[in-house]
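The values are calculated or read from the model by the stated rules, or taken from the named source; none is laboratory data. Bear in mind that the values here come from a model prediction, so they are computed numbers and not experimental data. Counting neighbours? That spans all protein chains shown, and the Cβs are built from the backbone with ideal geometry, glycine included. Remember, those area values only see protein heavy atoms, side chains included, never the ligands or the DNA or RNA. Shrake-Rupley method; radii C 1.70, N 1.55, O 1.52, S 1.80 Å.
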Amino acid sequence: MISKNISIDVKGLKKSYKKVSVLNNVNFEVETGTIFSLLGSNGAGKTTTIKILSTLIKPDSGSINVCGYNVRKEPHKIHEVISLTGQFSAVDETLTGLENLILIGKLTHLPNVKERANELLTYFDLVSASNRLVSTYSGGMRRKLDIAMSLVNSPSVLFLDEPTTGLDPQSRHNMWEIIKDLKNTGTTIFLTTQYLEEAEQLADNIAILDKGSIIVEGTLEELKKLLPQEIVEFEFPSKQDYEKALSLLKEYRVTSDQEKNQLTVYTLEAIKVLTKLFQLFTAHNINIKDVSRKSPSLEDVFLTLIGEKEALKNE
Ligand SMILES: Nc1ncnc2c1ncn2[C@@H]1O[C@H](COP(=O)(O)OP(=O)(O)OP(=O)(O)O)[C@@H](O)[C@H]1O
Ligand SMILES: [Mg+2]
């Protein structure tokens, strides 16, 4: 058997703030050179987990190792091999982009600071703005600089706490490319995100944190298999068609989108339901604009597992 190289190893992690338990027996491993995404609702404990792994706060109990170093006994060793981009920007608004990078390089006693700073500015497409004060940067530029700052010392493990929150779709896609590139250079990435599509795009492994522990962990495919259901989506050409169709679907599990004249049916037997509904709609003179069959998204899996949505059962 080939033994895996593990960069982050968490066993029995517990953390309470005063008497409120946030993490109650969290366990997971992150393989070196992979992207691991931790998902969870607001307040689930994602940032707390990142802070513990990056030694900013101490766990109450558990055995936690990063790059083979124990977070409690060897925090200084961990500082040498990790970097963190927090949920809230760490850039200094009163400095230029270049100055921010140089400052970090000096703080970490990096040789050839200026060279590394220019390399990162080029990589993040910030060269033309490098001598401008950060206060004049757009949100996306700030976020890029923030991540550039965490790469000054070429970390082995990079913690990214919601790296694309607030970015427009174009900037988000650019950031995804950057994160994929970093993985390809061998960096291990621990990512939290509010965007399930981001985890779908990037993560080799996904874990869902709920009520203090990891309720499920696996690849995207593994997680999707946890929901046996399929999704059938109908779009109608008019409000009348849409409303008539909706009134006929009382015995089905349906969500509706009034603005798009769209109905989504959740079922365990997509083909059977499709055939039946085509017949039903035709019999009632309902026109259909479009129809599609889909498998559940990570969002469906997430909402079902954390109990916001009910799963269909095979009876
Ligand atoms: N310093 C603190 N003192 C007391 N409670 C705290 C402290 N930091 C976090 N908490 C609480 O711990 C819980 C987990 O917070 P955390 O920031 O880890 O959540 P999160 O999963 O990152 O949420 P979000 O998606 O909103 O960023 C929350 O209920 C929060 O209020
Ligand atoms: Mg957070």
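Using the alpha-carbon centroid of each, what span in Å lies between segment 81-132 and segment 240-265?
52 Å
Given a 1.4 angstrom probe, what's the average accessible area per residue across the chain, in square angstrom? Each step should come with its number before you reach the end.
Working: 16460 Å² over 315 residues.
Spelled out: the 1.4 Å probe surface of the chain, per residue, equals 52 Å².
Distance between Cα centroids, segment 23-68 to segment 181-215: provide it in whole Å.
12 Å
Would you mind listing how long segment 230-295 runs along its three principal axes, going by Cα atoms, in whole Å with the largest first?
The principal-axis extents, from largest down, are 28, 25, 20 Å.
Pull out a ≥ b ≥ c, the square roots of the eigenvalues of the alpha-carbon gyration tensor of segment 3-113, then state rounded if a/c is under 1.5, prolate if not and a/b is larger than b/c, and oblate in the remaining case. If you can, show how the numbers build up before the last one.
On the way: a/c = 2.03, a/b = 1.49, b/c = 1.36.
It comes out prolate by the Cα gyration axes.
Which trypsin sites (Lys or Arg not before Pro) in segment 97-166 sit in a loop by DSSP (not H, G, I, E or B) and have at most 14 other Cβ atoms within 10 Å of their own Cβ?
Numbers: sites: K106, K114, R116, R132, R142, R143, K144; in loops: R132.
Qualifying residues, ordered by number: R132.
Could you tally the net charge around F281, taking each other residue with its Cβ under 11 Å from the Cβ of F281, Lys/Arg +1 and Asp/Glu -1? Write down the numbers at each step before the final one.
Values: positive: K244, K276; negative: D241.
Net of charged neighbours comes to +1.
Suppose the chain between T108 and K58 were pulled fully straight at 0.36 nm per residue; how much longer would it get relative to their current alpha carbon spacing? Walk me through the numbers on the way to the answer.
Details: separation 50, 0.36 × 50 = 18.00 nm, distance 2.24 nm.
Result: 15.8 nm gained on full extension.
When ranked by the protection proxy of mean other Cβ atoms within 10 Å per residue, highest first, what sequence do the peptides 199-211, 237-249, 50-62 form?
Details: 199-211: 20.5, 237-249: 15.4, 50-62: 18.5.
Packing proxy ranking, top to bottom: 199-211, 50-62, 237-249.
Compute the helix-to-body angle for 169-184: its Cα long axis versus the longest principal axis of the chain, expressed 0 to 90° and rounded to tens.
Rounded to the nearest ten degrees, it is 60.
Using helices alone, what [θ] at 222 nm do you get for the chain, with -39,500 (n - 2.57) per DSSP H run of 4 or more residues, divided over all residues and rounded to the nearest 500? Please list the in-between numbers first.
Details: 11 runs with 109 residues, N = 315.
Only helices count here, giving -10000 deg cm²/dmol.
On a straight-distance basis, which lysines could pair with K276 in a cross-link, Cα separation under 27 angstrom, same-chain partners fewer than 8 positions away excluded?
K224, K225, K239, K244, K250, K260, K289, K294, K309, K313
Could you grab the relative contact order for the chain? Cα pairs under 8 Å, six or more apart, rounded to a whole percent. List each step's numbers first, then the result.
Values: 551 pairs, mean separation 58.9, N = 315.
Once divided by the residue count of the chain, the mean separation gives 19 percent.
Could you grab the relative contact order for segment 59-156? Cα pairs under 8 Å, six or more apart, rounded to a whole percent. Mind showing how you got there, number by number?
Values: 96 pairs, mean separation 34.4, N = 98.
It comes to 35 percent, rounded to a whole number.
Counting Lys and Arg as +1 and Asp and Glu as -1, each charge on the Cβ, what is the dipole of segment 6-224 about the Cα centre in debye, to the nearest 20?
Details: 23 positive and 26 negative charges, 188 e Å.
It works out to roughly 900 debye.
Which net charge results for the neighbourhood of D146, defined as the other residues with beta-carbon distances under 15 angstrom from its beta-carbon, given Lys and Arg at +1 and Asp and Glu at -1? Write down the numbers at each step before the final one.
Values: positive: R142, R143, K144, R172; negative: D92, E93, E99, D125, D161, E162.
Counting the neighbours of D146, the net charge comes to -2.
Can you tell me the 0 to 90 degree angle between the C-alpha axis of helix 139-150 and the longest principal axis of the chain, rounded to 10?
50 degrees
For the chain, what value does the Rg/Rh ratio take when both radii are computed over Cα atoms and Rh is the Kirkwood radius, given to two decimals?
Details: Rg = 23.6 Å, Rh = 22.1 Å.
In the chain, Rg relative to Rh is 1.07.
As a quick test, which of the pairs K15/K73; K15/K183; K58/K106; K19/K58 have an alpha carbon distance above 24 angstrom in this structure?
On the way: K15/K73 17 Å; K15/K183 29 Å; K58/K106 27 Å; K19/K58 15 Å.
The pairs that break the limit, which is 24 Å between Cα atoms, are K15/K183; K58/K106.
Find out how many positive minus negative residues lie around S292, taking Lys and Arg as positive, Asp and Glu as negative, among other residues whose Cβ is under 9 Å from that of S292.
Numbers: positive: R293, K294; negative: E233, E235, D290.
Taking every Cβ under 9 Å from that of S292, the sum is -1.
Rank L298, M149, V71 by how far each Cα sits towards the positive end of the charge dipole of the chain (+1 on Lys, Arg Cβ; -1 on Asp, Glu Cβ) and give me just the farthest.
Positive-most Cα among the choices belongs to V71.
Could you give the angle, 0 to 90 degrees to the nearest 10, between helix 270-283's Cα long axis and the longest principal axis of the Cα atoms of the chain?
50 degrees
Can you work out the Karplus-derived ³J(HN,Hα) for every residue in segment 240-248? Use 6.51 cos²θ - 1.76 cosθ + 1.60 with θ = phi - 60°, whole Hz, and x for glycine or proline.
Using θ = phi - 60°, the values come out as 4, 4, 4, 5, 5, 5, 4, 5, 8 Hz.
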